[in-house]
Amino acid sequence: MEYAVLTGIVLVAGVVLALLAQWRDWRPSLVVAILVGVAVRTLLLFTAADDAWQPVDFMESFKPAGVAILNGQDPVLASEGGWHFLPTIPYVYGFLLWLGIPWEFAGRLVTIVADIALIPLVAKLSGGPKANLRALQYALNPLALLVAAIHGQVEPVALAFGVAAFVVARGPGSPHRTGVTTEVRVRLRRGVAAYGWRSALARVIRPGGLLHRSLMPTGDDRHDLRRGMFAGALMGLALCSKSWPIWLIPGMVLLLPNLRARIVSLFFTGLVPVLFLLSLPLVVNTSLGQIREAMSVMGDIRPIVGDWGWAAQFSGGNWELRPDLVVPGTYLIYATMVACVLLWRRADPIDMTIAMLIAFMVVTPRLGAQYLMWFMPFLVARPTRFAWPAIIGCSAWAAYGYLYMTQFDENTWWALHSQWALASIVLLPILVMAMPWNRRNPTVPELATPVSASAEGRMKSAV
């Protein structure tokens, strides 16, 4: 990489400025934060596009997907399985190439524009008086700059839609909420003390009871249904970009105010990807049989390990096809996600999402450096005590791969790669510490103490 020194200086300066802003409690206007983000990403766009080195998948997977759309072909089948996702982003690639924009710019414009959109979205996700500080810190986030402007990976696109879904689902009002389950639990516990189990449970689950009022809307609920629809559609667009935003769905659903809105959101989350899949025969020459074949390719994930974490220790940091590691590792991911939902079930849904995404990085057997961006907007918006050690550690590890390893020939790159992959194990405990452990049980507002049955009877007789 020819511009590694300049890029490194920009990244380090950004981290220093972000930490200085934290220390001095700078709260610039949102416009200033966005302009800073635009300026930094524009500089890196031109240096990366002008560089003789280009990421392999950027040239051999992403570009053929856009060219396939120009040629009226399915991007999954035409690029020989190089593109494993829905055609949403290749449609944009194809349009930019049709405009005559060189690929080195066109491919990165998609991700940079999405990453700039994340700056105000992080502010909205954060809320409160420090929202603009969080926006500035994301504008200078080194990993986001590497992924969006250097690699051109599509994580920023998925995150832009995913974070927007969270913002819409949360709606107006308090930026952080614990949901209705905690209130139901507390009221049930207090009701048991006052009335006994049967009477307390009846008061919760009967028609018109606490559970019904908490989950089911009353009166005119069109606004809540619209929130559910738009949030679900945005999450569906995130899934159209990549498949991993499925881990964002629980948090989005819990932010919605009632059961109907949640059902509507899930419906639209599934509908949007189906519509993009069915658009293939209308946009390119794809038959229904080819759609089934493309779906098979999209669902086929090769069990390659050797880039990250605990699995790299078994492969010596080399790429290997290891089903014996990937299969149990996949089940470990599922079990860990369930455990996070249970442990953070009383927390703010955003904190639960942070825990799930970071825990994924800790237990996954396979990972690309761009995966580490999944939790960045959420962690920047709601930082924990060890947020910045995790951000700096992950960014430094990724920068070593993007900037330093690309200076050498192929043989040297492979030798450095094994050391790089093995060293990633050091980040796992830092990531564990960065999880929102102290926000699993937020303080519940004091609820009125239930009135005893005898006292209730006396009040009714008095009336």
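The values are calculated or read from the model by the stated rules, or taken from the named source; none is laboratory data. Quick caveat: nothing in here was measured; it's all calculated off a predicted structure. Don't worry about glycine lacking a Cβ; one is built from the backbone with ideal geometry, like all the others, and counts go over all protein chains shown. In case anyone asks, the SASA skips ligands and DNA or RNA and just uses the protein heavy atoms, side chains included. Shrake-Rupley method; radii C 1.70, N 1.55, O 1.52, S 1.80 Å.
List of remarks:
- Filtered by the rule that a residue be among the aromatic types (Phe, Trp, Tyr) and farther than 19 Å from Pro245 by Cβ, region 56-99 gives Phe58, Tyr93, Phe95, Trp98.
- Residues in region 219-250 that are in a loop (DSSP other than H, G, I, E, B), within 12 Å of the chain's Cα centre (by Cα) and surrounded by fewer than 22 Cβ atoms within 10 Å (Cβ to Cβ): Ser243 alone.
- Flag if Arg366 is touching a residue at least 40 places away in the same chain (Cβ under 8 Å), crowded, with 20+ Cβ neighbours inside 10 Å and touching a strand residue (DSSP E or B) at 6+ places or on another chain (Cβ under 8 Å): yes
- Yes/no for Gln54 being surrounded by 14 or more Cβ atoms within 10 Å (Cβ to Cβ), of a type in the set (S, T, N, Q) and modelled with pLDDT under 90: no
- The lone criterion from (1) open to solvent by less than 30 Å² (accessible area, probe 1.4 Å); (2) on the phi > 0 side of the Ramachandran plot left unmet by Asp25 is number (1).
- Any chance Trp98 is more than 25 Å from the chain's Cα centre (by Cα), over 29 Å from Gln137 (Cα atoms) and touching a residue at least 12 places away in the same chain (Cβ under 8 Å): yes
- Flag for Ala399 being in contact with a Ser or Thr (Cβ under 6 Å, 6 or more places away or on another chain) and modelled with pLDDT of 95 or more: no
- Test: residue in region 9-22 that is modelled with pLDDT under 95 and open to solvent by 20 Å² or more (accessible area, probe 1.4 Å): yes
- None of Pro303, Pro328 is closer than 30 Å to Pro75 by Cα and either touching a helix residue (DSSP H, G or I) at 6+ places or on another chain (Cβ under 9 Å) or not basic (Lys, Arg) (or both) except Pro303.
- Of the set (1) under 23 Å from Cys394 (Cα atoms); (2) among the hydrophobic types (A, V, I, L, M, F, W, C); (3) open to solvent by less than 20 Å² (accessible area, probe 1.4 Å); (4) touching a residue at least 60 places away in the same chain (Cβ under 8 Å), all apply to Ile333 but (4).
- Pairs, first over 10 Å from Ile119 (Cα atoms) in region 23-35, second open to solvent by less than 100 Å² (accessible area, probe 1.4 Å), C-beta under 6 Å, six or more apart: Arg27/Asn132; Arg27/Leu133; Pro28/Asn132; Pro28/Leu136
- If you filter region 313-330 down to residues that are closer than 20 Å to Leu357 by Cβ and out of contact with any strand residue (DSSP E or B) (no Cβ under 7 Å at 6 or more places or on another chain), you find that the one that is least open to solvent (accessible area, probe 1.4 Å) is Gly329.
- Number of the exception - Pro377 against (1) assigned to a helix (DSSP H, G or I); (2) farther than 22 Å from Leu19 by Cα; (3) open to solvent by less than 20 Å² (accessible area, probe 1.4 Å): (2)
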